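Read-outs: derived from the displayed coordinates by stated rules, not from any lab. From a predicted model like this one, the values you see are computed outputs, not experimental measurements. Positions of Cβ are generated from backbone atoms using ideal geometry, with glycine treated the same way; all protein chains shown enter the neighbour counts.
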Amino acid sequence: MDIMRVSQLLNPTLREVPAEAEVISHQLMVRAGLIRKSASGFYTYLPLGLRVLRKIETIVREEMDNTGGQELLMPIMQPAELWKESGRWDVYGDELMRLKDRHNREFCLGPTHEEIITDLIRGEVRSYKQLPLLLYQIQNKYRDERRPRFGLMRGREFVMKDLYSFDRDEAGLAESYQKMYDAYCRIFARCGLAYRAVEADAGAIGGTGGTHEFMVLADSGENAVVYCPGCSYAANVEKAECRPQVIEDVSPKGQRTLVFTPKVKTIEALSEFLSVPKTTLVKSLLYQGDEKLFLVLIRGDRALNEIKLNNALGGFVSLQLASPEDVEKVLGCEPGSVGPVDVPEGLMVVADEEVPLMKKSVCGANKADYHFVDAVPSVDFRIDQVLDLRMMEPGEACLKCGTPLKEARGIEVGQVFKLGTKYSKAFGATYLDLNGEEKFCVMGCYGVGVSRSIAASIEQNHDDYGIIWPMPIAPYQCIIVPVSTKDELVVETAEKLYLELKRLGVEVVLDDRDERAGVKFKDADLVGYPLRVTIGSKTLANGQVELRERKTGETQLILVEEVVKQVKTMIEQALSF
RNA sequence: CGGGGCAUAGCGCAGCUUGGCUAGCGCGCCUGCCUUGGGAGCAGGAGGCCGGGGGUUCGAAUCCCUCUGCCCCGACCA
């Protein structure tokens, strides 16, 4: 039996923190010799890093198979035609990695695989008898991120499990969705991740039904989530529904008045200049959605949620603040003086729910250095649509139970979507039902960020010395450290224990390097092996070795003949959940 | 894509302002001695197109132009 010796293992550990790594998981992955960067957002997995990746893949695969999923493998490179058919060739924008073959035919590297799978299914599924169908793959994905960051957390190439469900109807979809939701809970629990499923926005994947994101709570997370300490409610702030909050009206009484506000161009400055709270101000923003311009109103103390705005208005490909030139052209002033009073007839005015509740307000006058005070919504200015457009703030009451919500950061490691018939309609993926009627497949899609989960796990499981792998995803479960390479009994015992452990199916490595004990200990802690068996001359004289748990730091002296059994027991315990 | 920063040995950095001999330091690496329970010590050694290209100059890591790559903040985004 071959021995995995650390002396031969390609596991280049670093003492110093690489300058390029910002977050702890990235630093530790590089320092522990798990990954090396190839280009921004592209990484090579070194042997230990790959073992972790494979372990997570295995857990995901087991859970998918147990849920009735069938694994297949779709191409990374996809023809442009399919993307044009779904309309996403244009929608996806610069994030899509595009390329051409020698015949100048267009392709992209798949950021996701709805097009391919739906194209497949429309050709293969004819009858309701073939449904439901749960198909998945674990495959590399490509997104030309504007800003790849934090190592594996946001790369341009990453490993993802994506499953697509095809059902006869909404009820079937609901069942598939629930199955996947439950499977995801098991996956992340098995990976040792503290996660939270939150209500989310569907984004560019689209779809009509609900969607949940699985968030690993960590300070370095890129998503803000709100959650309720009192009940199960949790949501991405992008999604979190708000109820309008009525603020006591403290603005001065009187008719709408034009006041001179020299050089006042921001909410902050206006509030200060007039000595009124921001809650009495109306923030007016001219937005451009694709070719269309419209005015958005929101209370001065609130932040606009562009995602809600875009969803409410039907989904623009691009949505952004209008340029100062457009503001000048449409309203005749600069952006700092925009207001809703007497705007052109054709300009649509949408307002957050809180705006109509303001009895009087202060707003821009579309004239440099002037604002209106005591402008009454719907009287002094027109509102065409009232919508929930603001960003939820921590401390607001939970919609379900009233408890003040809290905010946390999360790393999105999974998302489940109800797609409905968006893609089956675009591709004509239909089947014949019991009555011989042609129906569209009802679809769902479900992703797990496999490579990102590695980073997420480290964010949650580390200390000052290095990584602390949860047993189920550790690259190896145990490391044997002979303290001396000269003491023959120590060396022999180490090799003997190695072989015994391996025979029992324990994933084990032997640190046979001719290094001082301290070096080996530091590396073992850095890499994060859950268990360490230390063999030194002194304890061995009493027939004992040391067994140490990385997570707790607890060590116990054990008789040589008992340690193997003890290791095996501890691993089994750690793997059961 | 806007703003900022960086690029010198495998890693971390100094040198550049004010151009000048063979370009330095720490860690790591190789050899030997010594050491072996928390990143030891001594001695010797290898390793650099100073990111690429162009320019100024007798002379460029250093000054100028340009390109590229990388990092951070923002915007954006499944």
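Shown for A:Cys242, A:Cys401, A:Cys445: other C-beta atoms within 10 Å of each C-beta, ranked fewest to most, produce the order A:Cys401, A:Cys242, A:Cys445. Using just its DSSP H runs of length 4 or more, each adding -39500 (n - 2.57), chain A gives a mean residue ellipticity at 222 nm of -8000 deg cm²/dmol after division by all residues. At a Cβ-Cβ separation cutoff of 4.7 angstrom, cysteine residues of chain A with no neighbouring cysteine are A:Cys108, A:Cys185, A:Cys191, A:Cys242, A:Cys333, A:Cys363, A:Cys441, A:Cys445, A:Cys478. Determine the distance separating the Cα centre of segment A:460-478 from the Cα centre of segment A:366-385; give it in Å without decimals. Result: 59 Å between the Cα centres.
From most to least packed by mean Cβ count within 10 Å, the peptides A:21-31, A:553-563 give A:21-31, A:553-563.
Projected label points at A:Asn542 and A:Lys265, each 7 Å from Cα along the beta carbon direction, are separated by 7.7 nanometres. Once both labels are positioned 7 Å from their Cα atoms along Cα-to-Cβ, the gap between A:Leu499 and A:Asp169 label points is 6.6 nm.
The residue list A:Cys401, A:Leu547, A:Val317 was ranked by how far each Cα lies along the charge dipole of chain A toward its positive end, using unit charges on Cβ atoms, and A:Leu547 comes out on top.
Taking a ≥ b ≥ c as the square roots of the eigenvalues of the alpha carbon gyration tensor, chain A is prolate, as a/c is not under 1.5 and a/b beats b/c.
Here, segment A:79-171 has an Rg and a Dmax of 15.5, 46 Å when only alpha carbons are counted. Considering only A:Val508, A:Ile24, A:Leu134, and ranking their Cα positions along the charge dipole of chain A that arises from unit charges at the beta-carbon of Lys, Arg, Asp and Glu, the one farthest toward the positive end is A:Val508.
Taking other residues whose beta carbon is less than 12 angstrom from the beta carbon of A:Lys439, and scoring Lys, Arg as +1 and Asp, Glu as -1, yields -3. Hydrophobic long helices, here whole DSSP H runs in chain A with Kyte-Doolittle means of at least -1.0 and Cα atoms spread over 27 Å or more along the helix axis, are found at A:47-66, A:170-190. Remark: chain A carries a charge dipole of roughly 660 debye about the Cα centre, counting +1 on each Lys and Arg Cβ and -1 on each Asp and Glu Cβ. Note on A:Asn435 and A:Arg105: the model spin-label points, each 7 Å out from Cα along the C-beta direction, lie 4.2 nm apart.
Potential lengthening of the chain between A:Ser232 and A:Leu258 amounts to 4.5 nm, from the contour at 0.36 nm per residue minus the alpha-carbon distance. Note on A:Trp83, A:Trp469: ascending count of other Cβ atoms within 10 Å places them as A:Trp83, A:Trp469, the fewest first. Once the dipole of segment A:230-305 is set up with Lys and Arg at +1 and Asp and Glu at -1 on Cβ about the Cα centre, which of A:Cys242, A:Cys231, A:Val282 lies farthest towards its positive end? My answer, from the dipole projection, is A:Val282.
Over 24 Å apart at the Cα level, from the set A:Lys129/A:Lys422; A:Lys100/A:Lys418; A:Lys265/A:Lys329, are A:Lys100/A:Lys418.
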